[in-house]
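The values are calculated or read from the model by the stated rules, or taken from the named source; none is laboratory data. From a predicted model like this one, the values you see are computed outputs, not experimental measurements. Counting neighbours? That spans all protein chains shown, and the Cβs are built from the backbone with ideal geometry, glycine included. Only protein heavy atoms, including side chains, enter the accessible area calculation; ligands, DNA and RNA are left aside. Shrake-Rupley method; radii C 1.70, N 1.55, O 1.52, S 1.80 Å.
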Amino acid sequence: MRTHRLTDAVIRDEAQLRALIGTPSELVCRKVSDRLNALTRRFIELSPFVCVASCDSRGRCDVSPRGDPAGFVRILDERTLLLPERPGNRIADTLVNLLDDPRIALLFLIPGQGATIRVNG
């Protein structure tokens, strides 16, 4: 078996990366969708925890943990989720970032499950 150390090479483009790690299977590629389906909706409904990633207009990133009893994220439709804002430390990194750059990424987790659901928008 061939192994690679991080010091063996510098990866400069996707072609080099794919030569090293390969490509995802067709099954994995079929999981990518531009909307929620019944399975992803159910996972989100059962999830008590989500990591929320955002960035400001200068590209500085932030990830904030959010959690409440399962069901705290409301699903309005197949492309719209509502996350409650809780009064925490009032730093409001996520909200300030979203004013700068509306892109967001969510990673839903269910403790004890090996699966996750990622939502980008």
**Study point:** Matching residues in region 78-94 - criterion: being open to solvent by 50 Å² or more (accessible area, probe 1.4 Å) and in contact (Cβ under 8 Å) with a residue 12 or more places away in the chain
**Key:** 78, 79, 83, 86, 93
Review point. Does any residue of region 33-52 turn out to be in contact with a Leu (Cβ under 8 Å, 6 or more places away or on another chain), of a type in the set (Ser, Thr, Tyr) and under 24 Å from residue 84 (Cβ atoms)?
Key: yes
Exercise for review: Only one of these is of a type in the set (Gly, Ala, Ser) and touching a residue at least 60 places away in the same chain (Cβ under 8 Å): 47, 57. Name it.
Suggested key: 47
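Going by what's in this entry, would residue 48 be described as at pLDDT 95 or above and either more than 16 Å from the chain's Cα centre (by Cα) or small (Gly, Ala, Ser) (or both)?
no
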Point to revise | Test result for residue 67, of a type in the set (Gly, Ala, Ser) and surrounded by 12 or more Cβ atoms within 10 Å (Cβ to Cβ) | key: yes
Review point. For residue 118, are the conditions met, namely being part of a loop (DSSP other than H, G, I, E, B) and among the charged types (D, E, K, R)?
Key: no
**Study point:** Odd one out for residue 54, checked against (1) within 30 Å of residue 14 (Cα to Cα); (2) polar (S, T, N, Q); (3) open to solvent by 40 Å² or more (accessible area, probe 1.4 Å)
**Key:** (3)
Practice item. Please find, among 116, 80, the residue that is within 26 Å of residue 28 (Cα to Cα), among the hydroxyl-bearing types (Ser, Thr, Tyr) and out of contact with any helix residue (DSSP H, G or I) (no Cβ under 9 Å at 6 or more places or on another chain). Key: 80
Exercise for review: Using the structure shown, decide if residue 9 is surrounded by 11 or more Cβ atoms within 10 Å (Cβ to Cβ), without any contact (Cβ under 8 Å) to a residue 12 or more places away in the chain and more than 15 Å from the chain's Cα centre (by Cα).
Suggested key: yes
Practice item. Tell me which residues, restricted to region 20-44, are open to solvent by 90 Å² or more (accessible area, probe 1.4 Å) and without any contact (Cβ under 8 Å) to a residue 12 or more places away in the chain. Key: 21, 23, 26, 27, 30, 31, 32, 39, 42
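Given 97, 120, which one is within 30 Å of residue 11 (Cβ to Cβ), open to solvent by less than 60 Å² (accessible area, probe 1.4 Å) and polar (S, T, N, Q)?
Sole residue among the options that is within 30 Å of residue 11 (Cβ to Cβ), open to solvent by less than 60 Å² (accessible area, probe 1.4 Å) and polar (S, T, N, Q): 97.
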